[in-house]
Amino acid sequence: MAPTQPQDPAHRPHQRGQRLILIAWLFMALVGGTLGFAYYSMGLLSSARAFVGGESLWSKAQREAIYSLSRYASTRDERDYQAYTSALAVILGDRQFRLELEKPEPDMQISRSGLLQGQNHPDDIDGMVSLFRNFRHVEEIDRAVSLWAEADRSIDHMRIVGERLHTAVQMNALDEVSALDIQEELHQVNLQLGPLADAFSYALGEASRRTRSVLLWTMFSAATLLAAAALVFSRRLVRDSERLQQALQEGERQMQQLLQVAPFPMLITEEHSGAIIYVNQRAEEQFKISSEEFKRACAKDFYCRIEDRVVWLERFASHDSVEDWEVELKDFEGGSFWALVSAQRIHYQGRQYLLSALNNIEQRKRAQDALHHRAYHDDLTGLPNRAMCMDALRRILSKSERKSDVFSILFIDLDHFKQVNDSLGHEAGDQLLQLVAQRIRACVRSGDLVARLGGDEFIVAIEEHHDFAELHDIADKILHTLEPVYMLCGHGIHVTASIGISTYPQDGTDLQQLLTHADNAMYQAKNSGRNHASFFTPI
């Protein structure tokens, strides 16, 4: 076998430089891919929220259609029938969207017009169409669409009843017995639609949560890849730096030069006393302190909680190193930040010390907290969203059952909110919802639940109240607080609200029943002239 030719030493630095350039390009590609995926994720989450909002509009239209048609059977007033047809148009618009996109070659214009008829915001249309087409066969979306399609039979039944009722009224052939039969038939339709709507909403929520989870884990995976690339890059730098320093000197100077080029804050400390022996420049910048001041400080001075220092020492009782320990630290000016700390015992200046490396993860922690907050809070008002509201109401109901207490649900719906959106635009409408949320929050106790269900609907839960007079006073306080003028885009706007109230246990013993009764009471308030609060009374 021929002997292997030795590699030209002059060629080695060139090869190392090429490797570093390749790593740098790979790192930049990962960063670019992560940013692109983040942009796509925001669009996908926005479309998911639009579908949840569309479901809220569909459910509200379904309830209003049943209520208006049932009222029409009692009053024979054409205005009630017109209210029914308006609500039905929202439902049929959403159906048009779904049926058109189910076709092999759908007409995009027809599907978009269906969403517009369903009162969805024009800016959300393209995203909703894209989400439906691209994720139609995902398990949760498929289940939601199946429930949606299943509701068509009950909607068609309602339409047949509506046409029969309208014909009978037009021919003056509707007697009281027939009216009661029709109302009972509508009640049965509502009982069929209620569970479907709840299941549809739950399926959409599951899809939204799964989407958030997938995106979150994907982002975390991308962040891990970036960290790995940074680690590889930094290790190459450290390795090359070590090779260069070995040609200059040994010992302490070599160690210090190595730490100075490290991409993280690095410290050398005495294990038990915490005396600081050496810090690199990045540590000085991170802790906002000079190297001379560091020498007079102690490691325990930089812990937000002194007990964390005890935990740190306990970890070294049986190990020579610690990797990626998450802890909250503070700088010399008192500012706190979260960091991952890795450390190991080293020999330096003839003694054994701890060499620690810090990776500031403050931004990642804030991103995690923000994601958690967005999952359970309304982005616009900061109030608990529908998911958190339902969880909180279930806890309140369970506590009230255990303690035999009472609690009440106030279902608040703004009067003529659509007119504000139509006349001043959605920016003014969003601003109004924020101001309304602030005023409602100021009317109740700090421990009372105030949530936004969606659109212009809010929920207030009052626990352990004494009597209905107290509830009436709270409702009146909310109504009076909402009345003063709102300045929106240079315009003074008067907005009122209608409030429906149901109470556990007299108005129901399960959550859905209480919400339905509060909703019905809210419509009673609207039909009583609006700007009014009504307690639930069976029809």
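The values are calculated or read from the model by the stated rules, or taken from the named source; none is laboratory data. This is a predicted model, so every value here is computed, not measured. Reconstructed Cβ throughout: ideal geometry from the backbone, glycine too, with neighbour counts over all protein chains shown. What goes into the accessible areas is simple: the full protein's heavy atoms, side chains included, and nothing from ligands, DNA or RNA. Shrake-Rupley method; radii C 1.70, N 1.55, O 1.52, S 1.80 Å.
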* Given (1) part of a helix (DSSP H, G or I); (2) out of contact with any Pro (no Cβ under 7 Å at 6 or more places or on another chain); (3) in contact (Cβ under 8 Å) with a residue 12 or more places away in the chain, where does R374 come up short, assuming only one miss? -> (3)
* Structure fact -> If we keep only residues of segment 302-342 that are farther than 15 Å from M266 by Cα, touching a Lys or Arg at 6+ places or on another chain (Cβ under 7 Å) and assigned to a loop (DSSP other than H, G, I, E, B), then the residue least open to solvent (accessible area, probe 1.4 Å) is C304
* Any idea how many residues of segment 389-408 are surrounded by 16 or more Cβ atoms within 10 Å (Cβ to Cβ) and out of contact with any strand residue (DSSP E or B) (no Cβ under 7 Å at 6 or more places or on another chain)? -> 1
* To do: Note down all Cβ pairs under 8 Å where the first residue falls in segment 340-369 and is on the phi > 0 side of the Ramachandran plot, the second is of a type outside the set (S, T, N, Q) and part of a helix (DSSP H, G or I), and they're at least six residues apart or on different chains.
  => Q349/E252
* Could you say which residue among R79, R133, R112, R153 is modelled with pLDDT under 75 and open to solvent by 20 Å² or more (accessible area, probe 1.4 Å)? -> R133
* Residue satisfying condition, being among the aliphatic types (A, V, I, L, M), in contact (Cβ under 8 Å) with a residue 12 or more places away in the chain, open to solvent by less than 40 Å² (accessible area, probe 1.4 Å) and not in a helix (DSSP H, G or I), within set L165, L147, L186, L174 -> L174
* Among the residues of segment 343-363, write down those that are within 26 Å of T218 (Cβ to Cβ) and surrounded by 15 or more Cβ atoms within 10 Å (Cβ to Cβ). => N359, N360, I361
